[in-house]
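Reviewing the structure listed below.
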Amino acid sequence: MRTVFAALLIFTLGIGSSHAQKRNITEKDLWDFVWIGDPQVSPDGSRVAFVRVSVNDKREGYSTSIWSVPLSGAEEPHQLTKGEHDSSPRWSPDGKYLVFSRANEKDGKPEPPQLSLMS
């Protein structure tokens, strides 16, 4: 399992090029940071769902989406949701469904989050 989380970390940080030049981090680099959180392993232990967090396009807040990857490491992580504020993924006991929280915006203000379900 440590290998999968290390792979997720490398994926989210965009590390992988040995040709990258080392330099100090600046305040502008913060806009490019991407991180993961709330990993949830499926009941059968085959997949992990997680939240990918990045700075939104307006640079005034964060965008969150749900992603998934097999624990075997056989595939790259892939995006499951396209909402701007999707979070808190949880598997159903049989592993057939994933429930998550989605908060939409209206007139630039967040509305109360709603539960969403995907198979």
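The values are calculated or read from the model by the stated rules, or taken from the named source; none is laboratory data. Everything numeric here is computed off the predicted structure, so don't read it as measured data. Neighbour counts run over all protein chains shown; Cβ positions are idealised from the backbone, glycine included.
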Only one of Ser116, Ser65, Ser54 that is touching an Asp or Glu at 6+ places or on another chain (Cβ under 9 Å) and buried (at least 17 other Cβ atoms within 10 Å of the Cβ)
Ser65
Scan segment 76-93 and give yes if some residue there is of a type in the set (Val, Ile, Thr) and under 14 Å from the mean Cα position of the chain (by Cα), otherwise no.
yes
Among residues of segment 21-42 being in contact (Cβ under 8 Å) with a residue 24 or more places away in the chain and either in contact with a strand residue (DSSP E or B) (Cβ under 6 Å, 6 or more places away or on another chain) or of a type in the set (Val, Ile, Thr) (or both), the residue surrounded by the fewest Cβ atoms within 10 Å (Cβ to Cβ) is Trp31
Which residue pairs have Cβ atoms under 6 Å apart, sit 6 or more places apart or on different chains, and have a first residue in segment 49-60 that is farther than 20 Å from Leu80 by Cα and a second that is surrounded by 10 or more Cβ atoms within 10 Å (Cβ to Cβ) and of a type in the set (A, V, I, L, M, F, W, C)?
Arg59/Trp31
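Kindly indicate the residue of segment 86-113 that is of a type in the set (Lys, Arg) and part of a strand (DSSP E or B) and also nearest to Pro43 (Cα to Cα) among those meeting that condition.
Here is the first cut: in segment 86-113, the ones of a type in the set (Lys, Arg) are 90, 96, 102, 106, 109.
Still in the list and also part of a strand (DSSP E or B): 90, 102, 106, 109.
Numbers: Arg90: 10, Arg102: 22, Lys106: 36, Lys109: 36 Å.
Result: Arg90.
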Among the residues of segment 27-85, count how many are at pLDDT below 85, part of a loop (DSSP other than H, G, I, E, B) and not small (Gly, Ala, Ser).
5
